[in-house]
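None of the figures in this text is laboratory data; all of them are computed from the coordinates on show. The structure displayed is predicted, hence computed values, not measured ones. Note that each Cβ is placed from the backbone with ideal geometry, even for glycine, and that neighbours are counted across all protein chains shown.
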């Protein structure tokens, strides 16, 4: 037998390069091989596979080795099953998949490698793939030859690890041919310890290395561990196939990097597991907050951070402004630096996620934080997903609904999850003030994801500012029962010593005046204020009034466009706006240190909400005032808002009925949207398609059905159609459609859809459900989902007919004809970037690609300021460096121009991926592409448009590609114009030259639901948990009202109620603070209102009629003057205020107009605004 040794000249002549194409059924249908310049190819060979394999065996007979990508896991196992007697199966295999993480341990690994597969330039061509494997192997050989010269012991250790396993004989021969020497067990141990010195815990290594090395099966895992350790720190992540194939890799790295030894002599543990040192490194603080303190009087924040850094599960309750976010952000950064793992933060505040990420980036300097939520445009979403896959993201904020998105699941499968964080964890509890059903799906997702990955469930860490006794217990029980995780409880009080609370009794009409007076009395020259209102309309009205009084005030709520929101926030943070009038929910995202005054113009729905919102004040730990303006009638508004989202047992039963009767797909699942479900004639709910919350109500119903075991909801099924009409007018549309000779029904449908698209706004999107509502009824019998599918099919048909241009549609806000217009901003940014690169090159003119350099952003910024670049600041420079690190695809290969790692708050490590000259060429190319694209976007602004800092412009990807192709010099330099366009567009957005928005589109986002077999009815017992939740919300409003009532009399007594609410058992709390009034806590109205509606009648028979159950039918026979009208009025008020029946659902028939007027007047006196609509 020939000696199985390779040298550099024999790489191709001695290797038979092999690739197979195998279908999902396991059949080989294409074969390709290359040997010494000759090729072997068989197409469509499934039916004559034995003959083809015999020919392949003969072709590869002269080869010393087989070479290919994933030979060991894919091609060779398939051949052994088909023809175990093939001689080629005895040849040593050189698998480039197994060599890649050793040759290229840093991410991106290699331009030809993507997961298990090669990056092809031809579709299903196994000969081409065999050649690609040979090309990859040449590069691997070159990388190993460089290691041999720099770190010879590394190759020798690799040889030791792969020498004992027979299946790796080809890999063993590669390292031997490269000159690696053979090591014995002791020498291998010494090599590992020397090569990993100060990269791991020395105590953990000393105690484990010998046992690991003695086990031959463990050794390959040690090779991959050592390869990764040499480049560890941030965005270098192991390919997922390594973790799956060598499960011990994760175990070994945890032992060596995650577990502190507490030995002062261990350099690694002394630095990496030092919580105070890491706090200084990433946040710049010298120590943790002393308050709140734990039971021992020490910093609770430190205790939580150290537990979280140890990757243990926990529930932490810290007051708003108590440094809660840092308690999961710091461990996430440390975790990312230790092992490159991903921390996923589930947050309900979707509209605020970008602000949370921006705040974290600005505070820590990290570029490795990102957010994924529904408001991102396709290019933004694509970039975040790619950065997740590549390991560039260490902490990811997501909204819960992302867990049902297939692209999200696909991206995170490429990563090891280090921790799941639940922010606002009270959303997990039905006893909480803000229960979210999607949070419960997150628990199921975590379990199923870990099972699919064959990994243990990572740490679960929950954080909230407010949680009562029953909320805490439910959260702890949930994770213990569902995930087997015991969460350690860390808890502080809700009080903050620097906040001074007041309650002032003010009638509804006097509140605006009182807000102005309080601002005048309490707000100093250097402070700012937040005024909370319960509705968007109220924030707009109050902000307008205050502005008229001379205050710098603005409204802030979820309905604002993104640029307007950003503009208001920036001005508020910079002091140009001193007063924000915010909705209760949306104001939670405002984070400013010097808020001296928080006023609640409307009562919140719970003490939890009140404390979180008031907690925006005094975040600099200086004195601040929190004032609630109270009118007893305010709580009626809270009860009304609660009732708006309420579902009845019958509603949920009807949804179940609709799901059971719905059409199944081939997998036996129901795929339909909420609107499609409600359009079914079998479904009759108390809410209809006009209800703005219809989607949420159906999702909630499905969630509770899932909780009761009736259904299982899985990933969403999303279809999107994007395009623009090619016709400009409806007359042109009619003329073109007439020539197509469609049926009358088709013609009507096409014209209706075209008219909607022609009249659509620039950034407007439609659901297929919305468009289906405009179409004429389908022929019977038809299912509800047929209409929405018909909409999408019709749009595609119109595109085929040339009536619609299909392309990615986008829009963006630009600055037009203003002082800092968008083209000027781009020019300044590019000028600053060139100056930044000049300084970087001057500091390291001889830097070679691959050499790491330290960079202080603070010093670089100061140098630029000294040179007169007034627009320079650390945030802008960091954004530019991130952009340069992403300048790859379509501009100059696949890699970015630099590799950019965050080391500490101010310090980064940078290395060139191409030389300075090539880097500058790439930057100029990208800047030129950005300039061309921006010009194309600005050209779409109508000439008559007035000057504005936010002009919305619509454009398509096709428009931008056309503009790039119009620059003949630039297009000749672009390897992939589409990828270059994407990078340039994202550069404009990253540098805030434009603000990307969605474009015109039609989408169908359907639920995928498995309906469990059986016909069991949805019972009272099934509904009981949701009924408890609704009752708890009523209770919370009453508690908030009681706080306000007591606060008017004596604030100390009210604050005592607050402490008791969060520390006492519910029944004990009720007995202490509502003695003799327990029954009122179950009614969705105030005690005063109930007395007026029921008890004021002072007639037992009338009282029983008024307070009768809602579903009861009643006939009253009484003579004149017996009080029938009074009973009718009070009954209506009771239905409105206590049962919370919608006003539009109540019909009162009167004898004449005078009776109508009298009854309406009396009802309004009794029920106020709630009577509007009866």
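Tabulated results
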item	result
Global geometry of the range 499-631, whether rounded, prolate or oblate, following the gyration tensor of its Cα atoms and the 1.5 cut on a/c	rounded
Gyration tensor (Cα) of the range 605-754, equivalent ellipsoid semi-axes in angstrom	44, 27, 17
Relative contact order of the range 1026-1104, defined on C-alpha pairs under 8 angstrom at six or more residues apart (%)	27 percent
Helix 1124-1137 vs. the chain, principal-axis angle (Cα, 0 to 90°, nearest 10)	20 degrees
Inter-part distance where the range 31-55 and the range 1123-1160 are each reduced to a Cα centre, Å	85 Å
Descending semi-axes in whole angstrom, ellipsoid equivalent of the range 1117-1166, from the Cα gyration tensor	19, 13, 10
Between helix 874-885 and the chain: long-axis angle, C-alpha atoms, 0 to 90°, nearest 10	50 degrees
Mean shadow area of the range 294-491 over all directions, Cα convex hull, nm²	10.6 nm²
Mean residue ellipticity (222 nm) of the chain, computed from DSSP H runs ≥ 4 via -39,500 (n - 2.57), nearest 500	-14500 deg cm²/dmol
In Å, descending, principal axis extents of the Cα set of the range 8-183	51, 32, 29
Residue order, fewest to most surrounding Cβ atoms within 10 angstrom, among 264, 69	264, 69
Anisotropy class of the range 593-668 from Cα gyration tensor, a/c 1.5 cut	oblate
Alpha-carbon Rg/Rh ratio, for the range 977-1133, with Rh computed the Kirkwood way	1.23
The range 212-336 - convex hull of alpha carbons, volume per residue in Å³	143 Å³
Shape metrics for the range 439-485, restricted to C-alpha atoms - Rg then Dmax, Å	11.8, 36
Rg in Å to one decimal, and Dmax rounded to a whole Å, for the range 913-962 via C-alpha atoms	15.1, 47
Debye intensity ratio in log₁₀ form over the Cα atoms of the range 427-558, taken at each q of 0.15 Å⁻¹	-0.88
Average projection area in nm² (convex hull over Cα atoms of the range 413-504, one quarter of hull surface)	7.9 nm²
Sequence ranges 515-524, 936-945, ranked by mean other-Cβ count within 10 angstrom, highest first	515-524, 936-945
Rough spin-label spacing in nm, given labels placed 7 Å along Cα→Cβ, for residue 210 and residue 1151	10.5 nm
Alpha carbon centroid spacing (whole Å) that separates the range 680-702 from the range 916-934	52 Å
Where N is the number of residues in the range 292-355, Cα Rg divided by 2.2 N^0.38 Å	1.21
Tilt relative to the chain, helix 326-339 - C-alpha long axis, 0 to 90 degrees, to 10	10 degrees
Most to least packed among 55-62, 552-559, 459-466, 84-91 [average Cβ atoms within 10 Å]	459-466, 552-559, 55-62, 84-91
Ranked by how many other beta carbons lie within 10 Å on average, peptides 147-160, 843-856 from highest	147-160, 843-856
Projected area averaged over orientations for the chain, convex hull of C-alpha atoms, nm²	54.1 nm²
Tensor-based shape of the range 1085-1174 (alpha-carbon gyration tensor, a/c under 1.5 rounded, otherwise prolate or oblate)	rounded
Share antiparallel - DSSP beta bridges, the chain, percent rounded to 5	45 percent
Sequence-separation-based contact order of the chain, relative, with Cα cut under 8 Å and 6+ spacing, percent	9 percent
